[in-house]
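Note sheet for the following structure.
Computed from the coordinates by the stated procedures, all read-outs in this text should not be read as laboratory data. Quick caveat, the model's predicted, so the values are computed rather than measured. Counting neighbours? That spans all protein chains shown, and the Cβs are built from the backbone with ideal geometry, glycine included.
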Amino acid sequence: MMTSAERMPDIGPSAFGNRLERETKREGNAGQGLPTTAKSLAGSIQSARQELDAVRREQAKLQQAIYEAAQIQRKLCAPREIVWGEYEIAGEIFPVRHLSGDFFKVMELGSVLGLTVGDIAGKGLSAGIWQAHLMGLIQRCARRHSDPAAAVAEVNGELCQDQHERPMTALFFARLDPQRNDLVYCNAGLPAPLLLRHNKTVERLEKGGPMLGALQEAAYDSGSVRLNPGDMLLAYSDGVTECRNSADEEFEMGRLSAAANAVGGASANQVLFSTLGAVLDFADACSPEDDLTLLVVRRRAAAMTEQPSSPSTDFSAPRRGPTSVVRPKKAERRGNRSK
């Protein structure tokens, strides 16, 4: 039997040194490119991290800019609720993105009110950028013409001058005379606004012409209706009536008028949010695919009419909405869940 010392190989100083030298050379040859590769990889990772951080910073700046632009849009559409003699007016926009292609505007035109609801084709940044230009153009033309059709025709002519980029826009423009209780309007391609009479009958305001930006020489007509005590006007974008549910059904005008009539005795602001609540309840889990815009104009019933010495003209500070909203039970449950 051999001893352990006899079985051990020669590991004297000279042999150990030679073996270590051989192993070092082999390892050095095998990993000859490793230090350079590791440094390059580490540098690439660091560079990618820096680029990602820069992209995140730019994205945050862009989101902030879009948010600020959305707030400007909301200010341009003010006032959102006003009282003008016997009339209550309330409007709201629910954009599917931060910026909306929809807009509405209530403007003072001497002794009458100008009412505007518009829908620019497309969504997001491009439509949102056009919005401010269109609203300014509409206000300028509305002050130049007492006939809504003439004002709309001039807006269309201005838009059609650009042969390359023109925003196709559906527009409802009306002039409300609170002394005569007459509403003269022109509807250029927007879904026909609904006039809900106090006796529950419904009229559609269809007089007008084609969408703006389609034909430079397009002809437009004005229509006229009288608003009686208790009557209510609903002007809306197609995102309201074309909102779909999980069964691929559209909300449609029948449901719109029924939802508004269900709270017909309430204020314009209550009718506004109750109706929009009914639209969202109908959609349920399906997110709207288009902006939702609704403008409600209500002539108060004779028993509720106040007789101020002069109409309220504080357009810079509209009244806030009530703390409670009349809404169908399902809509109330939905609103509570969202809080």
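With coordinates expressed along the principal axes, the C-alpha atoms belonging to the range 39-121 extend over 77, 22, 18 Å, beginning with the largest.
A simple charge model with +1 on the Cβ of Lys and Arg, -1 on the Cβ of Asp and Glu and nothing else charged puts the dipole of the range 117-160 at about 140 debye relative to its Cα centre. Under 18 Å from a point placed 7 Å out from the Cα of Ser146 along the Cα-to-Cβ direction: which residues of the range 98-121 have their backbone N that close? Zone members listed by number: 108-115. Taking the inverse of the mean 1/r over every pair of distinct Cα atoms in the range 98-240 gives a Kirkwood hydrodynamic radius of 15.3 Å.
The Kirkwood radius of the range 164-217, taken over pairs of alpha-carbon atoms, gives through the Stokes-Einstein law at 25 °C and 0.890 mPa s a diffusion coefficient of 192 µm² s⁻¹.
Note on the range 153-225 and the range 43-104: Cα centroid distance 28 Å, given to the nearest whole angstrom. For the range 78-157, the direction-averaged projected area of the alpha-carbon convex hull comes to 5.7 nm². Annotation note: GluC sites (Glu not before Pro) in the range 172-264 located in DSSP loop regions with a Cβ neighbour count of at most 16 within 10 Å are Glu206, Glu217, Glu242, Glu249.
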